[in-house]
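No lab work stands behind these numbers, since they all come straight from the coordinates. Please read all numbers here as calculations on a predicted model, not as lab measurements. Here the Cβ positions follow ideal geometry from the backbone for every residue, glycine too, while neighbour counts run over all protein chains shown.
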Amino acid sequence: MKYNPITKDILEELVEILGAKNVIVDEEKMENYSHDETSEEYAHMPEVVITPKSADQISKVMKLANKHLVPVTPRGAGSGLSGGAIPVFGGILLSIEKMNRVLEVDYDNMMIVVEPGLVTNEINGIVDEKGLFYAGYPMSLLTCYIGGNIAENAGGGKAIKYGVTGRYVMGLEVVTPTGEIVEMGGKNIKDVTGYDLKRLMIGSEGTLGVITKAIIKLSPKPKFATDLLVLFNDAESAIRMVPKIISEGRIVPTSIEFMDKLSVHTTCDYLNEHLPYQKAGSMLLIEVDGTVEENVNLDAETIGELCLENNAIEVYVADNYTTQERVWSVRRNIAEAFMVYSPEQSLEDIVVPIANIAKLMPEIEKISKKYDIKMPSYGHAGDGNLHTTLVKNPNTTIEEWHEIEEKALQELYNIVYELGGKLSGEHGIGLKRKKYMKDYVSEAEIMLMKKIKKAFDPNNIMNPGKIID
Amino acid sequence: MNIIIPIKQVPETSNVKMDPETGTMIREGVESIINPLDLYAIEIGIQLKEEHGGKVTVITMGPPKAEKALKEAIAMGCDDGILISDRKFAGSDTWSTAYVLGEAIKKIGNYDLILAGERATDGDTGQVGPNIAAYLNLTLGTYISRIDEVTSDSIVVERLLEEGYEKLQMPLPSLITVVKEISYPRLPTLRGKQKARMTDLPLLTASDMELEEELLGLNGSPTRVVKIESPKVTRGGTIITAKDEDMLEESVDKLIEFLKSKEII
């Protein structure tokens, strides 16, 4: 695909639509929009950054972009992990940062209507006083935007109980790649009026349109939460707890987070955490929540007893701010702890059926040994989504690393697919995993995806170069 | 070795909001936790018990809900907890609190060591520990960062000073207040939590002790909060700029001169 460069005329037209303040060409300022949270090697500069304030403006921009055949890449807060918001073909970078208003708080229907650039966690700040919360939030909720969450169908640590972003999106207003403003879904709990286009938009990674408004479902906020930090001798014993907790314990916890031996040891060491982790071969962090304190404690106790019956070395209980912060900081600091060892990493997002996580662990260890790299595995054991990370051995050159990275990833994905898994659970394909799509996703599926893309975006100008070519 | 640890339940303050008009904290919806600095006293107390035998008793003066703090300490490994609670204690300052705690400790009796956190994170005075020592006429060691040796009638400790450490040999019984350096608090275990739930917490009220009514609560407290003000931050900072490379040396000289004038170097 050959795109046209942004000319002076196009810039003038953009200024006319958006006002001079919302059209940025300053190189230094644009640099911030050239990357997300993936490694620097994926970065690419846009030719112009725009910060529209309405669907109407975006519609005009899309029509202009079609006319001149220039690519448009929508961007949220830039906390993505797949390179999805990187303008690989230059062109227009459309940042939704100025569309951050709360349009309506509808307590009668327990919904909130927001613009896409609202920081996700702000929803909770607004509705907290009514005992409500937004349950679909990801780990990065303090910085990410709700629009980005929807575009990526972001998941998080609480998906086992609350599901992921998509479950809470009731309706969307979208500007299509050709510039139409379309309302999809709405405030109705049930709606089978034609194809569910809203569902199609969720997780489409900004390739099918720009989300300009979202109707979000709110949930009653649990009053109490208790966390269990459980040490096990080995990874398998920990992983085997997941189905046991649900079927034998008859409890769906809010989270079941898993950390393998390498993650536990490196992070505890990094945090100067003096838990007796030295003897631990893996760790689970299990959270239960609810409205009645006694019930929450009872659930925690049931799960704790189950763990002790099944090879747990020790079960720690955190039911107040001090201890909860402490146990969660072990989980939250894993990525940072490995940065100290080597900043060259590939953070993966593989997902397998929960029953197969135990089979995956020894295979990861084999790959790690074969290529002499560290491969800590941690993540959401409750839903089979593991953030296995490839960490460069500091003794290898960057060229060697790229070679190793590609081979090791291929082997990892092969095993994941043998176990019935998928490339990405919650981060998306974007730019980073695009080249692996054709090897693991059927031709028929890719064909359908291409046809859908073509129907929405005949000139292929909306976030081109992502998911599929 | 029998140890008594007075602890305090405090509001969790890391996410706290202030009332802009009164300058006081908005307590509504704020969780109560064990004073974070008391956790170090609890940990070292449990360690001493594990090494030398005896038992650890935690006590707290507060409303009935402060029971939760005692249960948490028992879940960590303390043996007993005693709640000292009475409406008459409401509004006590550090002096009056130390008076009641001192009387409570007398009533409990049979102790070798009293361990206290350095200070509470809410009032931030660091007075109650030393006040108890004064009231009970015990040897006091503040800012203790290490316990080196324990015998049947003495204890050797290290005291953290601004410019180093002081080694103290203290007779037993005595009272020490401890700093963070002394230990890494453990987490409560499931078994500990279960034990704590089964443990009865005796209640001590004003009438259970020999207290003089006029020394209790707000009326018995010599401290008066007259006014609460937020301090104004006046640190402006000095910025020395080097616009280009030629100015680098000159700017560095200026910086050195500035640091010398402040007697920093």
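Please go through (1) crowded, with 17+ Cβ neighbours inside 10 Å; (2) part of a loop (DSSP other than H, G, I, E, B) for A:ASN149 and return the number of the only condition it doesn't satisfy.
Condition not satisfied by A:ASN149: (2).
So the check is Cβ under 6 Å with 6+ separation or different chains; which pairs have a first residue in the range B:182-203 that's in contact (Cβ under 8 Å) with a residue 60 or more places away in the chain and more than 8 Å from chain A (Cβ to nearest Cβ) and a second one that's part of a helix (DSSP H, G or I) and surrounded by fewer than 19 Cβ atoms within 10 Å (Cβ to Cβ)?
Note: pairs meeting the criteria are B:LEU201/B:GLU67.
Go through the range A:286-301 and count every residue that is within 12 Å of another protein chain (Cβ to nearest Cβ) and crowded, with 17+ Cβ neighbours inside 10 Å. Explain how you work it out, then say what you get.
Keep residues of the range A:286-301 that are within 12 Å of another protein chain (Cβ to nearest Cβ), which gives A:286, A:293-294, A:297-298, A:300-301.
Narrowing the set further to residues that are crowded, with 17+ Cβ neighbours inside 10 Å leaves A:286, A:297, A:300-301.
Counting residues in the range A:286-301 that are within 12 Å of another protein chain (Cβ to nearest Cβ) and crowded, with 17+ Cβ neighbours inside 10 Å gives 4.
Are any residues in the range B:1-51 among the acidic types (Asp, Glu) and closer than 30 Å to B:LEU138 by Cβ, and if so, which ones? Before you say what the answer is, go through the steps one by one.
Within the range B:1-51, the first condition is being among the acidic types (Asp, Glu), and the residues that meet it are B:12, B:19, B:21, B:28, B:31, B:38, B:43, B:50-51.
Those that are among the acidic types (Asp, Glu) and closer than 30 Å to B:LEU138 by Cβ: B:ASP38, B:GLU43, B:GLU50, B:GLU51.
So A:LEU14 ticks every box in (1) within 19 Å of A:LEU69 (Cβ to Cβ); (2) under 29 Å from the mean Cα position of the chain (by Cα) but one. Which box is left unticked?
Failing condition for A:LEU14: (2).
Which residues, taken from the range A:17-51, are crowded, with 19+ Cβ neighbours inside 10 Å, acidic (Asp, Glu) and within 24 Å of A:HIS68 (Cβ to Cβ)?
Once the filter is applied, which keeps residues that are crowded, with 19+ Cβ neighbours inside 10 Å, acidic (Asp, Glu) and within 24 Å of A:HIS68 (Cβ to Cβ), the range A:17-51 yields only A:GLU47.
Which of the residues belonging to the range A:302-356 are within 11 Å of chain B (Cβ to nearest Cβ) and not in a helix (DSSP H, G or I)?
A:ALA312, A:ILE313, A:GLU314, A:VAL315, A:TYR316, A:VAL317, A:ALA318, A:ASP319, A:ASN320
When you look at B:ASP246, is it among the charged types (D, E, K, R), away from chain A (no Cβ under 14 Å) and under 30 Å from B:ILE132 (Cβ atoms), yes or no? Spell out the reasoning first.
Values: among the charged types (D, E, K, R): yes; away from chain A (no Cβ under 14 Å): yes; under 30 Å from B:ILE132 (Cβ atoms): no.
Answer is no for this residue.
Is it the case that B:THR151 is hydroxyl-bearing (Ser, Thr, Tyr) and either touching a helix residue (DSSP H, G or I) at 6+ places or on another chain (Cβ under 7 Å) or in contact (Cβ under 8 Å) with a residue 40 or more places away in the chain (or both)?
Numbers: hydroxyl-bearing (Ser, Thr, Tyr): yes; either touching a helix residue (DSSP H, G or I) at 6+ places or on another chain (Cβ under 7 Å) or in contact (Cβ under 8 Å) with a residue 40 or more places away in the chain (or both): no.
No; evaluated as a whole, the condition is false for this residue.
Restricting to strands (runs of 3 or more DSSP E) lying wholly in the range B:1-117: which have 1 or more residues that are within 14 Å of chain A (Cβ to nearest Cβ) and within 22 Å of B:ILE182 (Cα to Cα)?
Values: elements: B:3-7, B:9-11, B:32-34, B:56-61, B:80-84, B:113-117.
Answer list for the range B:1-117: B:3-7, B:9-11, B:32-34, B:113-117.
Out of the residues in the range A:398-430 that are touching a residue at least 24 places away in the same chain (Cβ under 8 Å) and of a type in the set (Asp, Glu), state the one that is farthest from A:GLU344 (Cα to Cα).
That would be A:GLU426.
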